[in-house]
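Throughout, read-outs are computed from the coordinates displayed, never taken from laboratory work. The shown structure was predicted, so the numbers you read here are calculated from the model rather than taken from an experiment. Cβ placement follows ideal geometry from the backbone for every residue including glycine, while neighbour counts extend to all protein chains displayed.
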Amino acid sequence: DYDDPEIIELDSHQLDDYLPEHHFDLVLLDIEGSEYFAMKGMKDILSHCKTLVVEFLPHHLKNVAGVDVDTFISALPKHFTKFQLPDHNQEHTISEVKTVLQKMYDSNIGEDGIIFTSN
């Protein structure tokens, strides 16, 4: 149950440490609310990717990860210039990311894969 997850402690490692100097054109993250934590551990990889597709589910961010919109946004690489919400048939400039994601978060509206691009 997402609202009452079992806590299991385990060792974790940053993906940047396992794949140093690897570059990917596309990174896809769909890990049930833990996308923020994954992005924190792969800053170098993300700084070189051209496209990032990331699930955004407010319920999971709040209740599983304990992450708000500002925290989520802080993990996004700074080189992206626009983002798309395919489930909602919308495209926005990156300057709108805070407003759009906060509105979705407050209304508990998710997106299976926000597509961030740098061109």
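Sites counted here are chymotrypsin sites (Phe, Trp or Tyr not before Pro) in a DSSP loop (not H, G, I, E or B) having no more than 16 other Cβ atoms within 10 Å; the longest part of the chain that contains none of them is 25-119. Neighbour counts of C-beta atoms inside 10 Å place LYS40, LYS78 in the sequence LYS78, LYS40, starting with the fewest.
Neighbour counting of Cβ atoms within 10 Å sorts the residues VAL100, VAL54, fewest neighbours leading, into VAL100, VAL54. From least to most packed, judged by other beta carbons within 10 angstrom and beginning with the fewest, LEU15, LEU57 follow the order LEU15, LEU57. Which translational diffusion coefficient, to the nearest whole µm²/s, is obtained for the chain from the Stokes-Einstein equation, given a Kirkwood hydrodynamic radius over C-alpha pairs, 37 °C and 0.692 mPa s? It diffuses with D of about 222 µm²/s by this estimate.
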